[in-house]
Structure formats: C-alpha cells, structure tokens
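The block underneath contains the structure these notes are about, expressed in structure tokens.
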Amino acid sequence: EADVKKAIADKLGADAGPKQIGEQYAKVAAQREIRRTMKRIEEAGAKAAYYAVDAGDDRAVADLLQQVRVKHGPVTAVVHGAGVLADRRIEDLTGDDFDRVYRTKVDGLRNLLDLLAHEDLKALVLFGSMTGRFGRVGQLAYACANEVLNKTAQVESRRRPGCRVVCVNWGPWEGGMVTPGLRKQFEAEGVGLIPLADGGAFAVQELTAPGKAVEVLALG
C-alpha cells in the first residue's frame, strides 16, 4: 500500500493531499480486486463480464440491462451488495448525509427490481446488515436502508414464488467496508468478523435453500 501511495503522490505532484492520494489508492485497489476476481471466476471455468453503472440512474441501468440481455441472454439472478458509510450521530445527521446512505442501497435496488419486474428470476439475494436489526451508534441512515431491504425481500418473495429470495443481514466481514480502524472498534465491542470464505459459503448455502427464511442474520 505504501509503495502504491508513494507512486500516486509522485504522479499527482506536490499539491496532492492525503485525502486525494487515499481516494486514488482506493480506486486502484478496487480495480485490482476486480481483475483478481474476474481471473478467479474464469479459472473456475465460468465466463465473466464486468460493467460499471450508476445504479441510481434508472435510464443508465435500463440501457445496461439491455446490453446484458443482448450479449448474455435473460437475467436469471441478482445479487445486490450496494452500500456506503457516512456515520453521524443523530444530532449531527443532515438530510444530505441520510440521503447518500439511504439512496445508495434503496433507490438502486428499486430501479433494478422495476426493470426486472417481468423477468423470470431464479434467485434474488440482498446483502443487508445486522445494523438493520440491532441498530448501531452513528448508523441511523444505514439501519433504515437495511431494514427497507429486509421488507423489500418479503414483498419480492410473495411476488416471485418460484424465486429464492433472501436478505442476509451480515455482521462485519474481514474486508470490504471494514477498515483497520473499524476492525478495532468491532473487536472492542465484542463483535466477531466473518472470514471471507465462510461468508461466501454461507451465501451459497442460502442461495440453494428453497423455502427457507427470507430474512436471515449472519454473525461472526
């Protein structure tokens, strides 16, 4: 990480501050992770394609889904894992703070579901959070968004009886949104982290469990 950040700083020049360097590093790290994931999928014998779109832009999502259908055929499964954190105590929370967190999860999903209303989905898996069930200091907006995911899953499970619909309310994983600082915080609170392989195996287990609960809690 230090070497990459130094290279970014050298490229951006003397005016670049820690925040700008950190943002650029996050992009580089994300792109590398995408490439590694694509390679692993292909090594496992599957074909993969990666597209980037603003899930909150319904027109852009509609255009992308049309491309996907033309190139790959009908959509048969959706795994929804959107989320951003902007933690604020309630007395410090602005409307913009709330909207940024809430819309990222909820509006993007609603756009997708509206556009896939007549698609014969076999699976719909929503990645929620234990915060939606238990709450957490500073995460009012995040808790609201995740509980909406739970109830959206309930509605979709009734609307799509032939589809495995589940919202997994995850505890923190060992990676992703859990930074080293957050890891220490969770450890101090006695909240265990979910190993990546175990989390993946659990998701597959739920995916292949017809007739099971629509709202599921998964904690480390």
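Expressed as a whole percent, the accessible area of the chain that falls on carbon and sulfur atoms is 54 (1.4 Å probe). Applying 0.36 nm per residue to the separation of TYR51 and LYS11 and subtracting their alpha-carbon distance, the gain on full extension is 11.7 nm. Judged by the mean number of other Cβ atoms found within 10 Å, the most tightly packed of the peptides 12-18, 157-163, 106-112 leads the ranking 106-112, 157-163, 12-18.
Let a ≥ b ≥ c be the square roots of the eigenvalues of the Cα gyration tensor of region 125-178; is it rounded (a/c under 1.5), or, if not, prolate (a/b larger than b/c) or oblate?
In terms of gyration-tensor shape, oblate.
Relative to one another, the C-alpha centroids of region 40-63 and region 93-155 are positioned 20 Å apart. The helix-only estimate of mean residue ellipticity at 222 nm for the chain, built from DSSP H runs of length n ≥ 4 each weighted as -39500 (n - 2.57), is -17500 deg cm²/dmol after division by the residue total.
Here the chain is assigned +1 on the Cβ of each Lys and Arg and -1 on the Cβ of each Asp and Glu. Its dipole about the Cα centre then comes out at about 540 debye.
Residues whose amide H lies under 5 Å from that of LEU124, counting only those 5 or more places away or on a different chain, are VAL78, ARG164, VAL165, VAL166; hydrogens are built 1.01 Å from N in the peptide plane.
How fast does the chain diffuse by Stokes-Einstein, in µm²/s, taking the Kirkwood radius from C-alpha pairs at 25 °C and 0.890 mPa s? Please report the intermediate quantities before stating the final value.
Details: Rh = 19.3 Å.
Rounded to a whole number, D works out at 127 µm²/s.
Note that region 43-144 presents 60 Å² accessible area per residue, ligands and nucleic acids not counted, probe 1.4 Å. When both bridge partners sit in region 64-220, DSSP labels roughly 0% of those beta bridges antiparallel.
Stokes-Einstein diffusion of region 113-208 at 37 °C, 0.692 mPa s viscosity, Kirkwood radius from Cα pairs, rounded to a whole number: 223 µm²/s. Measuring how big region 11-60 is from its alpha-carbon positions, Rg and Dmax come out at 15.7, 46 Å.
For a test of the definition: using alpha carbon positions, the gyration tensor, and the 1.5 limit on a/c, classify region 13-110 as rounded, prolate or oblate. Note, shape of region 13-110 comes out oblate.
The values are calculated or read from the model by the stated rules, or taken from the named source; none is laboratory data. This one's a predicted model, so the numbers in the text were calculated from it and none came from an experiment. With ideal geometry, Cβ positions are generated from the backbone for all residues, glycine too; neighbour counts draw on all protein chains shown. Surface areas here come from the heavy atoms of the whole protein model, side chains and all, with no ligands, DNA or RNA. Shrake-Rupley method; radii C 1.70, N 1.55, O 1.52, S 1.80 Å.
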